[in-house]
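Contents: one structure, followed by commentary.
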Amino acid sequence: MVRIGLLGCGNVGKIIATHQDGFTVEALFDRLPDHAEDLARICGAPAYSDFQEFISQDFDICVEAASVLAVREYAPKVLENNKNILILSVGALSDTYFRKSLLDKAREHGRKIHIPSGAIMGLDNLKVGQISKIDSVLLRTTKSPESLNMQVTERTLAFRGKANECIKQFPKNINVSVAIAIATGCDVDVELWADPEVDRNIHDIFVTGEFGEANIRVINHPSPDNPATSYLAALSVLSLLKNLDNPLVIGS
Ligand SMILES: NC(=O)C1=CN([C@@H]2O[C@H](COP(=O)(O)OP(=O)(O)OC[C@H]3O[C@@H](n4cnc5c(N)ncnc54)[C@H](OP(=O)(O)O)[C@@H]3O)[C@@H](O)[C@H]2O)C=CC1
Ligand SMILES: O=C([O-])CC(=O)C(=O)O
């Protein structure tokens, strides 16, 4: 059974702590001690207010569901403490210098960095971009204005540009674009729309390349405690953890 330590005890953290299937939660950490203690009451794992104490506990993989800044601060320490890490706030890896240094650290300590599919589908086969030419990738994301902290009364373009710029402006909303960029190895064009008519998080992905063309539309239900985060993002973490020890590996 996989043993995890949970870094970030908010909306996704709560879903993980309440659905322990194929893994057990062994330790909890959040910058808000109340959040970690709330989850401790739900799942029985101890809450730590000191990161070093948390990371010294006996678990196999640290599951990050906190923020881009938390990844920058803690991911290197997780690897230095000889633990694998699952990173949901993958936007942190848009900084190529940081990404390289984290990969070097993972190699040095013989550890893995897992990036779940998060709030989209198709990330598995988008990796063909690393071996076969991809000509263009566009992600068009539509969310409610509330999710984007905007107040608009009609469909409004919040951002158009590249993924690594968009994540700087919307670190809680467009991690998926960085996951696509890393998977494909391509610069990803992003359009981010605020639409008062929608109550879903919609991701339209358009890819063209040597393989042909793909148009992927994911219409996500928001998660219970954070409308900006799709429920699918939490489910993708649960399914990654459930399959970690499975001898059958499905999807590329
Ligand atoms: N890859 C993907 O496809 C997706 C990624 N995400 C990302 O996943 C992450 C988790 O999402 P969600 O659970 O909804 O977010 P929440 O804000 O509900 O929960 C995050 C928790 O982590 C805490 N936290 C934030 N920064 C730190 C830090 N530096 N150190 C310790 N704790 C910290 C937060 O505290 P506080 O409340 O004080 O900030 C909060 O308790 C987010 O970064 C989100 O953007 C979400 C959806 C899809
Ligand atoms: O949950 C979503 O739909 C996408 C999201 O917030 C992110 O990628 O950061």
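A few remarks follow.
- A straight chain from K168 to E154 at 0.36 nm per residue would run longer than the Cα-Cα distance by 2.6 nm.
- Proximal lysine pairs, the stretch 123-221, alpha carbons under 21 Å, eight or more residues apart or interchain: 6
- The value of relative contact order for the stretch 153-252, using C-alpha pairs under 8 Å at least six residues apart, is 21 percent.
- Based on Cα contacts under 8 Å between residues 6+ apart, the chain shows a relative contact order of 19 percent.
- Dipole moment magnitude, nearest 20 debye, the chain about Cα centre, only Lys, Arg, Asp, Glu C-beta charged: 420
- Kirkwood hydrodynamic radius over Cα pairs of the stretch 123-221, then Stokes diffusion coefficient at 25 °C and 0.890 mPa s, in µm²/s: 179
- Computed over the stretch 51-183, the alpha-carbon pair-distance distribution with 5 angstrom bins reads 2, 9, 18, 20, 19, 13, 9, 6, 3, 1, 0, each value a whole percent.
- Local electrostatic count at I87 - Lys and Arg +1, Asp and Glu -1, tallied over other residues with Cβ under 14 Å: +4
- Calculated mean residue ellipticity, 222 nm, the chain: -9500 deg cm²/dmol, from DSSP H runs (n ≥ 4) at -39500 (n - 2.57) each, averaged per residue and rounded to 500.
- The stretch 1-140, relative contact order in percent, only Cα pairs under 8 angstrom and at least six apart counted: 19
- 5 angstrom amide H check on T24, placed H, neighbours 5+ away: V2, R3, I4
- Proximal lysines relative to K242, as straight alpha-carbon distance under 21 Å, when same-chain residues fewer than 8 apart are discounted: K14, K83, K112
- Amide proton proximity set for S136, modelled H, under 5 Å, gap of 5+: T208
- Highest average first, the peptides 128-140, 59-71, 91-103, 182-194 ordered by how many other beta carbon atoms sit within 10 Å of their residues are 59-71, 182-194, 91-103, 128-140.
- Accessible area of the stretch 184-252 belonging to carbon and sulfur atoms, whole % at 1.4 Å probe: 52
- The stretch 204-249, Rg to Rh (Cα coordinates; Rh as Kirkwood inverse mean 1/r): 1.13
- Computed from the alpha carbon atoms alone, the convex hull of the stretch 172-252 holds 129 Å³ per residue.
- Projected-area mean, the chain, by convex hull of Cα positions, square nanometres: 13.2
- Per residue value of the accessible surface for the stretch 1-158 (all protein chains in place, 1.4 Å probe), Å²: 49
- Of all aspartates and glutamates in the structure, the ones whose alpha carbon falls short of 15 Å from that of K105, not counting any fewer than 8 places away in one chain, are E73, E80.
The values are calculated or read from the model by the stated rules, or taken from the named source; none is laboratory data. As the structure is a computational prediction, the values presented were derived from the model and not from experiment. Cβ coordinates were reconstructed from backbone atoms using ideal geometry, including for glycine residues, and neighbour counts include every protein chain displayed. Heavy atoms of the whole protein, side chains included, go into the accessibility calculation; ligands, DNA and RNA do not. Shrake-Rupley method; radii C 1.70, N 1.55, O 1.52, S 1.80 Å.
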